[in-house]
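Enquirer: After the structure tokens below, expect a handful of questions from me.
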């Protein structure tokens, strides 16, 4: 291939000399780009989701092939993000497919130096037992002057920024029913 042929294939020259002066059509194409396909075309289905990173709640289209997430894009139907994602939301596919992602419950006993794997039922039973025990040990019927309290100061809740209004409502109901009065959320929107 001669220098003239190479210069003729140069995208900038094609753009300046051709009818596609804005570089949005033929001037931006090459043999390589003609062979490319969107990474989302291999997906079997698209699942609607919400980005897990902050309180904004941007909509996501999660592309799935088999049982593996192959890509995540902004959801054009989302009234919150209108198809846009920040860099963290756009990279959340890596969160799902990371080889270092923990997929089992890990537990380190008090004063222990090693982590051990637990099945989910065992872990949930341990949590429930600790909540019941803490509530029993820290329950306050009345204060020093005999005023009714019916509370525990041994349980508190700090909600995450990705919880929506309905989830926060249910969390508030749960912790109030347990007698906890320290219920807060980090979201400020």
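Enquirer: Counting each DSSP H run of 4 or more residues in the chain as -39500 (n - 2.57), what helix-only mean residue ellipticity at 222 nm follows after dividing by all residues, to the nearest 500 deg cm²/dmol?
Expert: After summing the helix terms and dividing by the residues of the chain, the value is -9000 deg cm²/dmol.
Enquirer: Looking at region 39-97, send over the antiparallel percent of its DSSP beta bridges, to the nearest 5.
Expert: Roughly 100 percent of the DSSP beta bridges within region 39-97 come out antiparallel.
Enquirer: When you have a sec, figure out the Kirkwood radius of region 14-122 from all distinct Cα pair distances and drop it here in Å to one decimal?
Expert: 17.7
Enquirer: With everything on Cα atoms, drop me the angle between helix 165-178 and the longest principal axis of the chain, reported from 0 to 90° to the nearest 10.
Expert: 20
Enquirer: By how many nm would the segment from residue 158 to residue 98 grow when fully extended, if each residue of separation counts as 0.36 nm and the alpha-carbon distance is taken off?
Expert: Contour length minus Cα-Cα distance gives 18.9 nm.
Enquirer: Take 56, 69 and order them by how many other Cβ atoms sit within 10 Å, fewest up front.
Expert: 56, 69
Enquirer: If you don't mind, another one. In what sequence do 183, 105 fall when counting other Cβ within 10 Å, fewest first?
Expert: Arranged by neighbour count, lowest to highest, 183, 105 become 105, 183.
Enquirer: Measure nothing fancy, just the Cα-based angle from helix 120-138's long axis to the longest principal axis of the chain, in degrees from 0 to 90, nearest 10.
Expert: Value to nearest ten degrees: 40.
Enquirer: Tell me which label goes with the value of Cα extents along the principal axes in Å computed from the coordinates here: (i) 92, 41, 31; (ii) 102, 42, 29; (iii) 95, 38, 29.
Expert: Checking each listed value against the structure points to (iii).
Enquirer: Here's something else I'd like to know. At R0 = 30 Å, how high is the FRET efficiency between residue 108 and residue 135 if r is their beta carbon distance? Nearest 0.05 is fine.
Expert: 0.80
All of the numbers you see were taken from the coordinates with simple rules; none came from a lab. All figures in this text were calculated on a predicted structure; none of them were measured in a lab. So basically every Cβ, Gly included, is an ideal-geometry build from the backbone, and we count neighbours across all protein chains shown.
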